1. Restricting to the range 136-146, name every residue that is under 17 Å from residue 192 (Cα atoms) and surrounded by fewer than 20 Cβ atoms within 10 Å (Cβ to Cβ).
2. Being under 13 Å from residue 63 (Cα atoms) and either free of Cβ contacts under 8 Å to residues at least 24 places away in the same chain or in a helix (DSSP H, G or I) (or both) is the filter here; which residues of the range 121-137 pass it?
3. Among the residues that make up the range 87-104, is at least one of them under 15 Å from the mean Cα position of the chain (by Cα) and either at negative phi or in contact (Cβ under 8 Å) with a residue 40 or more places away in the chain (or both)?
4. For residues that are of a type in the set (Gly, Ala, Ser) and crowded, with 18+ Cβ neighbours inside 10 Å, scanning just the range 74-90, find the one that is nearest to residue 108 (Cα to Cα).
5. Of the numbered conditions (1) loosely packed, with under 14 Cβ neighbours inside 10 Å; (2) in a loop (DSSP other than H, G, I, E, B), residue 71 satisfies every one except a single condition; which is it?
6. Just one of (1) modelled with pLDDT of 90 or more; (2) within 10 Å of the chain's Cα centre (by Cα) trips up residue 20, so point out which.
7. Is it the case that residue 56 is farther than 30 Å from residue 158 by Cβ and at pLDDT 80 or above?
Amino acid sequence: MAKNQSESYEAFIKGIWRDNPVFVQVLGMCPMLAVTNSAVNALAMGMATFFVLVGSSFLVSSFKQWIPRQVRISAFIIIIATFVTVADYTLLALVPKVHKELGAFIPLIVANCMILGRQEAYASRNTVRLAVMDAMGMAGGFMVALFSLGAIREILGNGSLFGVNLFGEEFEIWVIMILPPGGFLTLGLILLFFNWFTARKNEFIDQVAAAERSGI
């Protein structure tokens, strides 16, 4: 039981940090840069991706024994497209304004290499529990990345967060932040910080390991 819990935790947490789909694997860059001009759009895309990835991973892992290997990719795409359609119509019904701003990027979730990659590399090879935990971790990591970028760009580009003004009328907005160059700049700075932090963490671990060895 403890082993199963440990495996589930590892499958979940790796997507949040160690194997983050954006900051580490650099996947899903198209929606990452295109829809993160506001926190609302970023969160909506993140939630839609979360729903699609978790739902498709659950079905793929559940029915992997009955999916012929020769047509597995086609079957995975059909499953993913089904969940994308549900997400698309749900957003259209509940938040039509956000749906309009996201435009074609909701249907294009079908082509997100992160989602298809998790079906092929993980969900089709593991139990339902591990597949769902892995999907939740990867989708959660993707959502965190989207929201981080969207929040920074909206705060600096509009002086607001979720449409709420933060700095008053005197704040000089950085218009470039809500334009495409701002997306590239913000993502580059976040990746720089992420890689710096990871390097410092690994350096600290190496120093602790060296100290333990010398103490022995």
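The values are calculated or read from the model by the stated rules, or taken from the named source; none is laboratory data. It should be emphasised that the depicted structure is a prediction, and the values quoted were computed from it without experimental measurement. Neighbour counts are summed over all protein chains in view; Cβ atoms, including those assigned to glycine, are modelled from backbone coordinates with ideal geometry.
1. 144
2. Answer for the range 121-137, where residues must be under 13 Å from residue 63 (Cα atoms) and either free of Cβ contacts under 8 Å to residues at least 24 places away in the same chain or in a helix (DSSP H, G or I) (or both): 123, 124, 125, 128, 131.
3. no
4. The selected residue is 87.
5. (2)
6. (1)
7. Criteria met by residue 56.
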